[in-house]
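Heads up: the structure comes next, in structure tokens.
Each reported figure results from applying straightforward, stated rules to the coordinates on display, with no laboratory input. These numbers come from a predicted model, not from an experiment. Every residue, glycine among them, receives a Cβ derived from its backbone with ideal geometry; neighbour counts consider all protein chains shown.
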Amino acid sequence: MPVATSRACTVCKVVKPPEQFYARKDGYLTGPCIPCYRERDNKRQPDYYARNRDKVVEKTRRWRADLRREVLEAYGGACSCCGEDHPEFLALNHIEGGGRKHRHAVGGTAMQVYKFVRDKGFPPEFDLLCHNCNVAYGLYGLCPHQVEE
């Protein structure tokens, strides 16, 4: 479906560019523009978070844990250097470096990187390392496990 060059908001009736509308994955733009959409949602449930904080926090915590688990499983669930398999000790590694720049480019958090990796189909530019191996690579360019071999 081709993206429109501009369209009228179904609420305020003002013609606006497509950047002013939310878009679904198939490219379809929402009827209300973003400001009207947000205003409508605020009127419907202005204090939703305040009334449901525990539920929202738990749902977010569950989503983060599920996303991290999915990424760890996709990359084998163990450190590619030493074989450590405790999920608490594992980190996603940018094989060619540049992790900090990439993290900031996709939103600044590890969850944004995990989401990026999942959405891109778990590309081979990433692997898993335990935190010890990851820090050693970052500081020394080589892990002590490689020296021992």
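One table, with the values for the structure above:
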item: Qualifying positions in region 106-124 - touching a helix residue (DSSP H, G or I) at 6+ places or on another chain (Cβ under 9 Å), at negative phi and not β-branched (Val, Ile, Thr); result: Ala110, Met111, Gln112, Tyr114, Lys115, Phe116, Arg118, Pro123
item: Elements of type helices (runs of 4 or more DSSP H) in region 81-143, at least 3 residues being aliphatic (A, V, I, L, M) and more than 15 Å from Val71 (Cβ to Cβ); result: 131-140
item: The one condition in (1) farther than 21 Å from Val113 by Cα; (2) of a type in the set (Asp, Glu); (3) surrounded by 12 or more Cβ atoms within 10 Å (Cβ to Cβ) that Glu70 fails to fulfil; result: (1)
